[in-house]
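Read through the structure below, which is laid out as C-alpha cells, and then see the notes.
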Amino acid sequence: MKKGDFARKQSFKQSCNNENSSLTEIKIHGKDGQGVVIAGQLLAIAAFHDGKYSQAFPSFYFEGKDLLAASSIRISDRPINLREQVYNQDYEIFLDPESIQLYETIKGPRKKTAVNNKREIRNCTAKDINKKAVEIFGRPIVNTLLLGVFAAYTKLITLDSLLKAAEERFRENEELIIKNKRAIREAYTQEENG
Amino acid sequence: MAKKKQQKLRTNCKSESKFNTGARRIEEASRAVAETVKLCKPKVVSIYPIMPQTSGLRTIMEFSSLESLNVEVVRTESAYSAISAAIGASAAGVRTYTVASSQGLKLMSEMLFVAAGMRLPIVMMVDNRALPAPANIGNDHSDSISERDAGWIQIYVESSQEAVDRVIQLFKISEQTLIPSMLCMDGFVLTQAYENVEMPSQEQVNSFLPEAGMLCRLSSGKLLNKGFIAPPESYMQIKKHQQESILNSVKTIKNIEEDFANKFKRKWRIIEDYKTEDAEEVLVCMGTVCGTARELINELRQKGKKAGMIKVSLFRPFPKNEISKSISQCKKMKNLIVLDRAVSFGNSGPLYLELKDALFGSKINIHGYIAGLGGRDITKKHLEKAFNLSEERWLI
C-alpha cells in the first residue's frame, strides 16, 4: 500500500466516525448454531423498543455446526441505510470462548466487550455462564444470558426492552419465552450487583 | 397432539390480531413480505423451501392454518412442481404467489417461460443467492438476472420497506398487465435482516388492490385451452404481442407507483436519482448496495467530491427512456459507473450491458464494475474504489 493511500484511508475512517456519531455498531461472534443470529435479532428488537432505529443481519460462511458465524447490528437515532457488514464495531460479543483468540488479532476501535469465558480479558467483561445455561436450558445456550450481561454492562439497551424483545422473538413458543426471560433477568441482575 | 394443535392455532390467532395493526414495527424482511402477501389474500401459494427463503415460508405455513383466509398452500416435492402448481392455479383465475431462490429458480426456468407465454399474473419472491459451482449460499443477482429473458417483470428492492410496498404493487401490476413478476430481494443481507418497517393495514391494502379476477380462465364449465401448440405464423404474432405488452407495462407500473404513493404516502420510483444534479461521478446500481452508496455519497460530498447515484429498481422491462432522461439531467457528469452483482460470462456485467444499450450513440464514459458475488460484502471501500475509477474491474 502506498503512503498516501494509507493517510487517505485513515482520514476516511475518521470522517465516517464523525458523520455517524449517533450510530452504534455491534458485532456478535460465535459458531453457527450457538444463537448468534437470534442474539443479533434480540438486540435490534430491544433497541427498537427503546425508540431507536435498528438493523441486524447475519453473515456466515456456510450453514452447519461448528462454522463461524457473525451478526452485525446497528442502532441509530435516524434511519439506517448502510448495509455493509459491521467492521468498525463499538462493541463486541463473543458467544464462544475459542473464537476470541481468532478475533483478538482484529484491531477495531473496541470499547466494551462481553465474553463467555473463565479468564479475564482486558477491556472485557468475561463471564463463565455455561453452568447457568445448562441449569436453565439443559444445554450450553448462552446467547440470551450474555445479552443480559451486555445490557447491564453497557446500558446500551434497557432490561425492559430486552425482555420485551425475547417475548416478541419467541412468540411461537411459550416455554422459550419463560426460559429466556429468566436467563436475561438473572444475568442482568447478577452483573448489576457485581 | 390435539392440545398442541390447539395451542398452535391460538398463537396463530394471537399473531393475526397483532399483524393487522398497520403500525411501525421491527421485522425480518422475508417475514414482513410474507405477512404483506397475506394481506393481499392470495388463494393459492405453492412452495418448495430452499435457503434463504425458508423464514418467509414459515410465515406462510403459519397463516395457511387460519380458516378465515381460505388459502390453499401447496407443498410440492420440487421447485419445478411449485411453479407448475402456481401456473395451474393462476390459469384457473386465482391470485397466486410462490417463492424461489438460486438453484430452485434455475429448476423452474422452463416453466418461467411458460407462465409468461400463457400470460399468467403470478407473483414470485426471489431471494437472490449465488449459483453453484462452487456451492455457495451468499447473495448475488446471478440467479434472477439470468432469467431476464423469460418475460417476467423484475423489480430489485433496497430495503424491507420497499419490499413490503412493492409486493402489493406487483400483484396489481401483474393482474393489470397479465405479466408474471419477480420481487428480487438480496438474500441474507436483506431477507434475513431485522429492520424497522411500516406494515400496511388490511384496509389500506383492500382499498388499493382489487379482488383478483381474470376474464380468460380455465373452468370446468367452458372449454378453453391455454398455451397449446401454435404454428409458426401465430407463434410469432403471439410473441410479438407479448413483447409489446411487456414494453408497454412500464407505463402501467409508473401509474401504479403513483397511485400507491397517493394511498400509502410512500413513493418508490423505477429509476431514482440521488444527488445527481451537480454530480461529476454517477453510480448506477441495484438492490441493497444502493443504501451503502447513499451513505458513501454523503461522506464523499463532505470531502468535496461530487458524487451521485441512480438506483435502478425495474430491471425488466428495462426502462430505457426513463434512465436516458435521468442521465441527461446530470449536466455536469464526467463518468458513469455501473456496479453489477452478477456476471454474464464471456461478456461483462448485465446491468452494464443494458446501460451501454440505453446510451448507444452518446459520448458518456461508462465504466463497469463487478462486486459482491457469492455473498461477498460490498463495503464503502469497494464503492469508493469504483468512484475513483479503479483499473481493476472486479472489486474483490
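The values are calculated or read from the model by the stated rules, or taken from the named source; none is laboratory data. All values derive from a computational prediction rather than experimental measurement. When we count neighbours, we look across all protein chains shown, and the Cβ atoms used for this are built from the backbone with ideal geometry, even at glycine.
Scan segment B:210-227 and give yes if some residue there is assigned to a helix (DSSP H, G or I) and surrounded by fewer than 17 Cβ atoms within 10 Å (Cβ to Cβ), otherwise no. Let's see the steps before the verdict.
Here is the first cut: in segment B:210-227, the ones assigned to a helix (DSSP H, G or I) are none.
Looking for residues that are assigned to a helix (DSSP H, G or I) and surrounded by fewer than 17 Cβ atoms within 10 Å (Cβ to Cβ), one finds none in segment B:210-227, hence no.
Does B:ILE364 satisfy being modelled with pLDDT under 95, in contact with a helix residue (DSSP H, G or I) (Cβ under 9 Å, 6 or more places away or on another chain), more than 27 Å from A:ALA69 (Cβ to Cβ) and of a type in the set (Val, Ile, Thr)?
Working: modelled with pLDDT under 95: yes; in contact with a helix residue (DSSP H, G or I) (Cβ under 9 Å, 6 or more places away or on another chain): yes; more than 27 Å from A:ALA69 (Cβ to Cβ): yes; of a type in the set (Val, Ile, Thr): yes.
Against the criterion (modelled with pLDDT under 95, in contact with a helix residue (DSSP H, G or I) (Cβ under 9 Å, 6 or more places away or on another chain), more than 27 Å from A:ALA69 (Cβ to Cβ) and of a type in the set (Val, Ile, Thr)), B:ILE364 qualifies.
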Hits in segment B:37-47 - residues which are crowded, with 24+ Cβ neighbours inside 10 Å and touching an Asp or Glu at 6+ places or on another chain (Cβ under 8 Å): B:VAL45
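The rows are residues; the columns are (1) closer than 25 Å to B:VAL189 by Cα; (2) surrounded by fewer than 23 Cβ atoms within 10 Å (Cβ to Cβ); (3) in contact with a helix residue (DSSP H, G or I) (Cβ under 9 Å, 6 or more places away or on another chain).
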| residue | (1), (2), (3) |
| --- | --- |
| B:LEU283 | yes, no, yes |
| B:THR288 | yes, no, no |
| B:ILE297 | yes, no, yes |
| B:LYS306 | no, yes, yes |
| B:MET309 | yes, no, yes |
| B:PHE315 | yes, no, yes |
Test: B:ILE50 is β-branched (Val, Ile, Thr), crowded, with 19+ Cβ neighbours inside 10 Å and farther than 22 Å from B:THR191 by Cβ: no
Test: B:ALA86 is in contact with a Phe, Trp or Tyr (Cβ under 6 Å, 6 or more places away or on another chain) and assigned by TED's automatic domain parsing to the domain that holds B:ILE47: no
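Pull up segment B:236-272, narrow it to residues that are under 21 Å from B:MET118 (Cβ atoms) and of a type in the set (Val, Ile, Thr), then point me to the one that is nearest to the chain's Cα centre (by Cα).
B:ILE253
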Sole exception among (1) of a type in the set (Val, Ile, Thr); (2) at pLDDT below 50; (3) not in a helix (DSSP H, G or I) for B:THR11, by number: (3)
All positions within segment B:158-213 that are within 14 Å of another protein chain (Cβ to nearest Cβ), in contact with a Leu (Cβ under 8 Å, 6 or more places away or on another chain) and among the hydrophobic types (A, V, I, L, M, F, W, C): B:ALA163
Count of residues meeting criterion [closer than 13 Å to B:GLU158 by Cα and more than 9 Å from chain A (Cβ to nearest Cβ)] in segment B:288-316: 5
Residue selected from segment A:75-94 under the condition crowded, with 24+ Cβ neighbours inside 10 Å and assigned to a strand (DSSP E or B), by the criterion nearest to the other protein chains (Cβ to nearest Cβ): A:ILE75
Failed condition for B:SER207, given (1) surrounded by fewer than 23 Cβ atoms within 10 Å (Cβ to Cβ); (2) assigned to a loop (DSSP other than H, G, I, E, B): (2)
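Residues checked against (1) without any contact (Cβ under 8 Å) to a residue 40 or more places away in the chain; (2) not in a loop (DSSP other than H, G, I, E, B):
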residue	(1), (2)
B:THR98	no, yes
B:VAL114	no, yes
B:PRO134	yes, no
B:ASN139	no, no
B:GLN161	no, yes
B:ARG166	no, yes
Selection within segment B:284-334 - at positive phi and without any contact (Cβ under 8 Å) to a residue 60 or more places away in the chain: B:GLY304
B:ASN321 being touching a Leu at 6+ places or on another chain (Cβ under 8 Å), surrounded by fewer than 16 Cβ atoms within 10 Å (Cβ to Cβ) and of a type in the set (S, T, N, Q): no
Residue ID - farthest from B:GLN154 (Cα to Cα), chosen from residues in segment B:202-256 that are of a type in the set (Asp, Glu) and out of contact with any Gly (no Cβ under 8 Å at 6 or more places or on another chain): B:GLU233
Within segment A:44-69, considering residues that are crowded, with 24+ Cβ neighbours inside 10 Å and more than 9 Å from chain B (Cβ to nearest Cβ), the one modelled with the highest pLDDT: A:ALA46
Meets criteria (within 30 Å of B:ALA193 (Cα to Cα) and either surrounded by 22 or more Cβ atoms within 10 Å (Cβ to Cβ) or within 13 Å of another protein chain (Cβ to nearest Cβ) (or both)) for B:ARG341: yes
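Where residues in segment A:123-140 are under 14 Å from A:ILE93 (Cα atoms) and not acidic (Asp, Glu), which of them is surrounded by the most Cβ atoms within 10 Å (Cβ to Cβ)?
Step one: filter segment A:123-140 for residues under 14 Å from A:ILE93 (Cα atoms), giving A:123-129.
Filter again for not acidic (Asp, Glu), leaving A:123-127, A:129.
Working: A:ASN123: 9, A:CYS124: 18, A:THR125: 18, A:ALA126: 18, A:LYS127: 22, A:ILE129: 24.
Once the filter is applied, the top-ranked residue is A:ILE129.
On the given criteria, is B:GLU35 modelled with pLDDT of 75 or more, assigned to a helix (DSSP H, G or I) and within 14 Å of chain A (Cβ to nearest Cβ)?
Working: modelled with pLDDT of 75 or more: yes; assigned to a helix (DSSP H, G or I): yes; within 14 Å of chain A (Cβ to nearest Cβ): yes.
The answer is yes for B:GLU35.
Going by the structure shown, is B:LEU170 crowded, with 22+ Cβ neighbours inside 10 Å and not polar (S, T, N, Q)?
Details: crowded, with 22+ Cβ neighbours inside 10 Å: yes; not polar (S, T, N, Q): yes.
Criteria met by B:LEU170.
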Members of segment A:146-173 that are in contact with a strand residue (DSSP E or B) (Cβ under 8 Å, 6 or more places away or on another chain) and assigned to a helix (DSSP H, G or I): A:LEU146, A:LEU147, A:VAL149, A:PHE150, A:TYR153, A:THR154
